[in-house]
Amino acid sequence: MKSYDLVIVGCGIVGSAAAFYASRKNKKVLIIEKNFCGFNSSGNAQGGLAPYIYDNAEMIKFHTEAMSLHSELRNELQNFSPTDPFYVKKPYVRVAVNEDEANNFKEFLSISSKEDCFWYGENEIKKVESKLINAMYGGIFTENYFEVDSFNLTNSLKDAAINMGSKLINFDFRKENLITHKVNGHIRFEGVSLDKEKIHAENIIISSGPWTKEMLDNLMTVNVMPLKGQILRASSKEDLNISVSWGKDYVTKKQDGLLWLGTTEEDVGFDDSPTSDGKKMILDAFKSMFSGFSDLHVEKQTACLRPSSPENVPIIRESESIKGLYVSTGAGRNGIKLGPVLGKRVVDLINTN
Ligand SMILES: Cc1cc2nc3c(=O)[nH]c(=O)nc-3n(C[C@H](O)[C@H](O)[C@H](O)COP(=O)(O)OP(=O)(O)OC[C@H]3O[C@@H](n4cnc5c(N)ncnc54)[C@H](O)[C@@H]3O)c2cc1C
């Protein structure tokens, strides 16, 4: 029987990061993926590593650790994989959409240690991007914002893990594939049975994004649901000097030379089809904020599903009923930024148990 230290189900950014950090600890890893690495939101996200501007202490720790891991990955990932994640630093403004939000943002800046974030009034914002016409409440500005190519980062982590000895197989995993046995009154994970092959493994991580809850139905309660988001990729001769977000929406110019405009938040189950309503909503939101771009032409529309948890607080834990079975998911809108933390923390949790 083949034997692994760790099985990982789902090769989005969380699964590929878990495989990367486990491989660096010399663990023998098997990744099981139903579609392909970066199939869902990990391969289609905008890829912004936006500053966290709220006051949840647990989330502040997640975001601080995330930026430190991204900084390491930016410098070191090339030593493990030739796939370039395209980390790009650019100016960014988070526009307040009303006075209450402006006051919250200002209060956040006064108590936080984010020295690289500043309050900009309407005129200062217009100086950095004159086409941004609807910034009357001001916003938070930083020069120190990063974006990545989310598909490449996810695949780079996976490729790095494979270069260190991990294996990836294509398989539609179900809970019936889990093998468990009883030890001292506990049920323990023992391996997986795939078609006719049985594989022994010490531990398993389910990092199947929005599908995690259904996969573990009746075995473990995981409060995660799909939240659809759509993005338009559009061409225009006009340039955009900064990356901008407001409310749930944003626009930025990406590596491919296109403006990426987002987004929607739709509770429509596992339906991930792009819609004309979604396109209209995104274009209307963009036009309400910017002048110009009269030649804007939508080249591509995508839709994918975020793994959304209450308050977008990630879920990283071991099953209460099956020892050795772990989940890591639920980063919602911030999964590209937090993905490396979700992967690393679940691997660290296994090592401390
Ligand atoms: C429109 C949009 C824009 C976004 N923009 C940003 C952004 O700018 N910044 C940011 O930080 N985050 C962003 N996000 C959020 C981020 O993309 C997600 O939180 C993150 O990609 C989730 O990663 P994951 O690994 O948890 O899940 P997923 O990417 O969903 O990966 C799960 C994997 O599990 C596999 N799988 C499912 N079922 C099975 C099965 N039965 N057997 C085997 N494998 C299975 C799937 O095929 C998939 O590859 C955005 C999301 C959306 C939708």
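Do me a favour and compute the ellipsoid semi-axes for region 202-291 from its Cα gyration tensor, root of five times each eigenvalue, largest one first, whole Å.
That gives 34, 15, 11 Å for the three semi-axes.
Report, in debye and to the nearest 20, how large the dipole of the chain comes out about its Cα centre when Lys and Arg carry +1 and Asp and Glu carry -1 on their Cβ. All intermediate terms of the calculation are to be shown ahead of the outcome.
Details: 42 positive and 46 negative charges, 199 e Å.
Computed charge dipole of the chain: roughly 960 debye.
Per the Debye formula with a single identical scatterer at each Cα and no solvent contribution, what log10 I(q)/I(0) holds for region 224-266 at q = 0.33 Å⁻¹?
-1.20
At 222 nm, what helix-only mean residue ellipticity would the chain give, in deg cm²/dmol to the nearest 500, using -39500 (n - 2.57) for each DSSP H run of four or more?
It lands at -9500 deg cm²/dmol.
DSSP loop chymotrypsin sites (Phe, Trp or Tyr not before Pro) in region 261-328 with at most 11 other Cβ atoms within 10 Å of their Cβ, which ones? Don't jump to the answer; show the numbers that get you there.
Numbers: sites: Phe270, Phe286, Phe290, Phe293, Tyr326; in loops: Phe270, Phe293.
Qualifying residues, ordered by number: Phe270.
Using +1 at the C-beta of Lys and Arg and -1 at the C-beta of Asp and Glu, which of Trp119, Phe62, Ala17 has the Cα lying farthest in the positive direction of the dipole of region 1-131?
In region 1-131, that residue is Ala17.
Treat every Asp and Glu Cβ in region 68-153 as -1 and every Lys and Arg Cβ as +1, leave all other atoms uncharged, and give the resulting dipole magnitude about the Cα centre to the nearest 20 debye.
About 220 debye.
Looking at region 268-353, which GluC sites (Glu not before Pro) are DSSP coil and have at most 14 other C-beta atoms within 10 Å of their C-beta?
Listed in order of number, the matching sites are Glu320.
Among rounded, prolate and oblate, which fits region 152-214 when a ≥ b ≥ c are the square roots of the eigenvalues of its C-alpha gyration tensor, a/c under 1.5 means rounded, and a/b larger than b/c means prolate?
prolate
Compute all pairwise cysteine Cβ distances in the chain, then list the cysteines with no distance under 4.7 Å to another cysteine.
So, Cys117, Cys304.
Taking the solvent-accessible surface of protein heavy atoms with a 1.4 Å probe, what is the per residue accessible area of region 1-150 in Å²?
47 Å²
Which of the listed residues, Asn26, Phe141, Met1, is farthest toward the dipole's positive end in the chain, when Lys, Arg count +1 and Asp, Glu count -1 at the beta-carbon?
Going by the charge dipole, the pick is Met1.
Could you tell me the largest-minus-smallest coordinate of the C-alpha atoms of region 67-135 on each of the three principal axes, in descending order and whole angstroms?
For region 67-135, the Cα spread along each principal axis is 47, 31, 17 Å.
For the chain, what mean projected area does the convex hull of the alpha carbons give, in nm²?
Average projection, Cα convex hull of the chain: 18.2 nm².
When the distances between all Cα atoms of region 1-159 are binned every 10 Å from zero, what whole-number percent does each bin get?
Here the calculated profile for region 1-159 is 10, 31, 29, 20, 9, 2, 0.
Say the dipole of the chain comes from +1 at the beta carbon of Lys and Arg and -1 at that of Asp and Glu; which of Pro340, Asn203, Pro314 then lies farthest toward its positive end?
Comparing the listed Cα positions along the dipole, Asn203 ranks first.
The values are calculated or read from the model by the stated rules, or taken from the named source; none is laboratory data. Worth saying up front: this structure is predicted, and the values here are computed from it rather than measured. FYI the Cβ positions are ideal-geometry reconstructions off the backbone, even for glycines, and counts take in every protein chain you see. The area values use the complete protein model at the heavy-atom level, side chains included, leaving out ligands, DNA and RNA. Shrake-Rupley method; radii C 1.70, N 1.55, O 1.52, S 1.80 Å.
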